[in-house]
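Asker: The structure is given below, and queries will be raised subsequently.
The values are calculated or read from the model by the stated rules, or taken from the named source; none is laboratory data. No experiment lies behind these values; they were computed from the predicted model shown. Reconstructed Cβ throughout: ideal geometry from the backbone, glycine too, with neighbour counts over all protein chains shown. Side chains are part of the model used for accessible areas, which takes the heavy atoms of the whole protein and leaves out ligands, DNA and RNA. Shrake-Rupley method; radii C 1.70, N 1.55, O 1.52, S 1.80 Å.
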Amino acid sequence: MSILSVRDLATHFFTRDGVVRAVDGVSFDLDAGETLGIVGESGCGKSVTALSILRLIPPETGRIVGGSIRFEGRELTTLDEEAMRAMRGHAVSMIFQEPMTSLNPVLTIGTQIAENVVRHKAVSWKAARERAVEMLELVRIADPGRRLDEYPHQLSGGMRQRAMIAIALSCDPKVLIADEPTTALDVTIQAQILDLMIELKEKLGTAIVMITHDLGVVAETTQRVIVMYAGRKVEEASVDQLFAEPLHPYTRGLMRALPRLDGDAEIAGKRPRLMEIPGMVPRLTRPIPGCAFAARCTFATDRCHREAPPLTEPDAGHRVACWETARVRETAT
């Protein structure tokens with residue numbers, strides 16, 4: 001059963017250059033205990049989708065202009081701000097992209113965890129501090145009693161990210177949104193953080209929305225994947241289906257841009273060249289009448305430039321928005 005259901009979500013920003021259609025009709029469901037990946041280039045609308053779910057779009061520049069966001073059947077787009085504050089950090093939590101700019105630099109780590117617990121659990125400050133120690137132990141921060149009274153600048157990047165996870169999980173949320181949780185970390189710490197999130201998900205049963213541009217993270221942590229481009233959903237499939245047979249030309253381009261280790265080529269002195277997707281992402285201040293990827297697509301026809309393709313389901317559970325799916329599939333065989 002879906003715990004989170006998003007339907008035809010549209011979020012726009014109003015700038016001097018015009019209306020930026022950052023999210024343009026995105027729909028998806030998240031089941032209880034599931035990990036859903038949302039992947040795409042920078043600027044494709046992943047983070048704005050996440051911020052829209054929590055109603056954190058800055059009202060002076062943007063707003064949700066259409067669609068529905070339902071959590072356990074409750075419509076979030078019509079809740080008043082007080083009700084949304086009660087939801088954030090409790091029923092639905094978020095790990096933000098850069099902990100150094102998301103954590104409060106003048107409050108200790110313990111205070112930042114405890115204040116979330118006090119707000120949502122209505123417990124004493126002493127009990128909240130005890131919960132903070134438990135959470136730091138849970139995310140494997142050594143000597144949590146001492147770290148509790150340290151400030152963000154006193155922690156390493158990996159420890160700050162662990163502290164962010166501790167804050168997000170301190171009130172046992174049913175949905176955790178992780179926005180590029182490993183972007184600023186080195187490879188070794190990235191692996192540790194991902195292993196930790198998988199372990200905590202299995203232990204606590206939290207559903208996760210994993211937002212990333214890293215297909216390696218998607219392959220390692222998710223069950224189902226949504227591919228976004230220019231504010232639209234262009235493909236959705238299980239992780240096995242997507243990696244076995246990507247059906248959208250954009251998804252194929254992302255796959256081909258992945259660095260690969262080819263031992264035979266290295267021995268022969270021929271290092272394989274990374275493929276690139278030609279062209280630029282279209283400006284979202286202008287209406288896109290056809291497929292948003294058409295100008296960069298080698299499969300594009302006149303129809304692709306005129307008509308936006310609907311999402312179809314060529315295989316069970318595998319949806320794609322492309323007029324030329326049959327040709328894409330033929331060239332892959």
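Asker: Among the lysines, which have Cα under 16 Å from the Cα of Lys121 when same-chain residues fewer than 8 positions away are ignored?
Answerer: Lys174
Asker: Report the far tail of the P(r) of the chain, meaning the percent of Cα-Cα pairs longer than 35 Å. Walk me through the numbers before you get to the answer.
Answerer: Details: 14517 of 55278 pairs.
Value for the chain: 26 percent of Cα pairs lie more than 35 Å apart.
Asker: If only Cα atoms are counted, what is the Rg of the range 37-123, and what is its Dmax, in Å?
Answerer: 14.7, 42
Asker: Counting heavy atoms of the protein chains only and a 1.4 Å probe, report the per residue accessible area for the range 7-118 as a whole number of Å².
Answerer: I get 43 Å² per residue for the range 7-118.
Asker: Report the Cα centroid-to-centroid distance between the range 101-141 and the range 1-60 in angstrom, as an integer.
Answerer: Distance between centres, Cα-based: 28 Å.
Asker: Strictly greater than 14 Å: what percent of every Cα pair in the range 1-57 meets that? Don't skip to the answer; put the middle values down first.
Answerer: Numbers: 943 of 1596 pairs.
Within the range 1-57, distances greater than 14 Å cover 59 percent of Cα pairs.
Asker: Rank these residues by their accessible area, most exposed first, probe 1.4 Å: Glu150, Glu137. Show your work: numbers first, answer last.
Answerer: Working: Glu150 20, Glu137 110 Å².
The ordering from most to least exposed comes out as Glu137, Glu150.
Asker: What net charge do the residues around Pro99 carry, taking every other residue with its C-beta under 15 Å from that of Pro99, with Lys and Arg at +1 and Asp and Glu at -1? Could you put the intermediate results ahead of the total?
Answerer: On the way: positive: Arg147, Arg160, Arg162; negative: Glu98, Glu150, Asp179, Glu180, Asp186.
Local charge sum for Pro99: -2.
Asker: Now for a separate question. Between 0 and 90 degrees, rounded to the nearest ten: what's the tilt of helix 187-204 against the longest Cα principal axis of the chain?
Answerer: Taking Cα atoms only, the helix is inclined about 70 degrees.
Asker: Pick out, in residue order, every one of the trypsin sites (Lys or Arg not before Pro) in the range 1-99 that is DSSP loop and has at most 16 other C-beta atoms within 10 Å; say none if there are none. Kindly include the intermediate steps, with their values, before the conclusion.
Answerer: Details: sites: Arg7, Arg16, Arg21, Lys46, Arg55, Arg63, Arg70, Arg74, Arg85, Arg88; in loops: Arg16, Arg55.
Filter output for the range 1-99: Arg16.
Asker: Quick check on the chain: helices-only [θ] at 222 nm, where DSSP H runs of length 4 and up contribute -39,500 (n - 2.57) each and the sum goes over total residues. Nearest 500, please. Mind dumping the intermediate values first?
Answerer: Details: 14 runs with 120 residues, N = 333.
So the calculated ellipticity at 222 nm is -10000 deg cm²/dmol.
Asker: Accessible area of Glu82, 1.4 Å probe, to the nearest 10 Å²?
Answerer: About 130 Å², rounded to the nearest 10.
Asker: Same structure, new question: If contacts are Cα pairs under 8 angstrom and at least 6 residues apart, what is the relative contact order of the chain in percent? Can you show the working numbers first?
Answerer: Numbers: 600 pairs, mean separation 66.2, N = 333.
Relative contact order here is 20 percent.
Asker: Sticking with this one: Counting DSSP beta bridges in the chain, what percent are antiparallel, to the nearest 5?
Answerer: On the way: 31 of 50 bridges.
The antiparallel proportion sits near 60 percent.
Asker: Could you sort Ser170, Ser2 by accessible area so the largest value comes first, with the probe set to 1.4 Å? Don't skip to the end; give the middle numbers.
Answerer: Working: Ser170 0, Ser2 45 Å².
Final ranking, largest accessible area leading: Ser2, Ser170.
Asker: May I ask you to derive the FRET efficiency for Asn104 and Asp240 from their Cβ-Cβ distance with R0 = 41 Å, giving the value to the nearest 0.05?
Answerer: Numbers: r = 41 Å, r/R0 = 1.00.
Once rounded, the FRET efficiency stands at 0.50.
Asker: List the residues of the range 6-27 whose backbone N lies under 13 Å from a point placed 7 Å from the Cα of Glu75 along the Cα-to-Cβ direction.
Answerer: 7
Asker: Please report the accessible area of Asp302 (heavy atoms, 1.4 Å probe, ligands and nucleic acids excluded) in Å², nearest 10.
Answerer: Approximately 110 Å² of Asp302 is accessible to the 1.4 Å probe.
Asker: What is the helix-to-structure angle for 157-169, meaning the angle in degrees between its Cα long axis and the longest Cα principal axis of the chain, kept from 0 to 90 and rounded to the nearest 10?
Answerer: On a 0 to 90 degree scale, this one is about 80.
Asker: Using a 1.4 Å probe on the protein heavy atoms, what percent of the accessible area of the chain belongs to carbon and sulfur? All intermediate terms of the calculation are to be shown ahead of the outcome.
Answerer: Details: 8450 of 16070 Å².
Roughly 53 percent of what the probe reaches on the chain is carbon or sulfur.
Asker: What number results when the radius of gyration of the range 155-210, computed over Cα atoms, is divided by 2.2 N^0.38 Å? Don't skip to the answer; put the middle values down first.
Answerer: Details: Rg = 10.8 Å, N = 56, 2.2 N^0.38 = 10.2 Å.
For the range 155-210, the normalised Cα radius of gyration is 1.06.
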